[in-house]
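Take a look at the structure below.
The values are calculated or read from the model by the stated rules, or taken from the named source; none is laboratory data. Given the structure is predicted, the values throughout are model-derived calculations rather than measurements. Reconstructed Cβ throughout: ideal geometry from the backbone, glycine too, with neighbour counts over all protein chains shown. When the accessible area is computed, the model is the full protein with side chains, heavy atoms only, and any ligands, DNA or RNA have been set aside. Shrake-Rupley method; radii C 1.70, N 1.55, O 1.52, S 1.80 Å.
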Amino acid sequence: MMDLLDLLHETMSSPWVYLAIFAIAVLDGFFPVVPSETAVITAGVFAASGAPYLPAVILVAGTGALIGDHISYALGRGGGTRLLDRLPSEGRRRAAIEWARRGIATRGGLILTVARYVPGGRTAVTLTMGAVHYPRRRFLVFDALAAASWALYSALVGYLGGLAFEQDPLRGLLVGLGLALTVTMLVEAARWLGNRHRSARPVSTTEPVSGTPVR
């Protein structure tokens with residue numbers, strides 16, 4: 001256990017940690033198996049002891065997330081429609097894409113902020129926004145808000161855990177990850193309840209059926 005703790009201390013005190021956080025955040029934008037949130041929370045925990053520097057962690061994480069999301073958007077814009085249409089009609093990926101399409105139609109760019117806290121949601125939304133040719137400038141504005149809020153939230157969750165257990169960073173890390181998991185579960189529960197409410201609502205037969213324009 002001490003060897004792991006020493007390794008974490010050594011890694012987090014290295015100036016290369018900022019480049020690592022940036023790269024992980026970029027990759028997570030279009031390759032969601034990379035655990036960017038865990039990396040940022042871990043950095044936040046150790047920032048409570050002085051290294052790394054918390055504002056720098058927030059800056060590189062938010063910038064990396066912004067760039068990664070734009071890569072995902074570009075992939076969707078460059079051929080995402082064909083890719084999304086090939087997904088099986090049943091399955092988690094198809095469900096995530098359909099959720100993203102509904103969210104874009106009803107909430108516009110604000111769905112990006114919500115998607116940041118939904119497992120697999122951020123990639124589904126950015127890909128779909130590219131595929132439906134959501135305006136690039138609007139995407140930039142909303143994604144900047146989403147990336148900044150996510151970086152601030154993740155780093156501060158870790159930082160609070162580190163302050164609470166300054167002499168035991170591993171316990172602080174567990175607290176930070178637990179808080180993040182709780183928030184994710186609450187968002188997922190709210191999304192599930194919203195979907196259930198919409199599916200239970202009777203369909204009006206007096207209004208014409210038409211697609212909601214993208215805002």
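When you count the other C-beta atoms within 10 angstrom of each residue and take the mean per peptide, 154-161, 71-78 line up highest first as 154-161, 71-78. Amide H contacts under 5 Å for TYR134: none, restricted to partners 5 or more places along the chain or on a different chain, H placed in the peptide plane at 1.01 Å from N. Summary of packing: across the peptides 121-129, 12-20, the per-residue average of other C-beta atoms within 10 Å ranks them, highest first, as 121-129, 12-20. Per-residue SASA remark: VAL118, around 10 Å² accessible (1.4 Å probe; ligands, DNA and RNA not included). Computed from backbone phi, the HN-Hα couplings of the stretch 50-57 come to x, 9, x, 7, 4, x, 5, 4 Hz, rounded to whole numbers (Karplus: 6.51 cos²θ - 1.76 cosθ + 1.60, θ = phi - 60°; Gly and Pro given as x).
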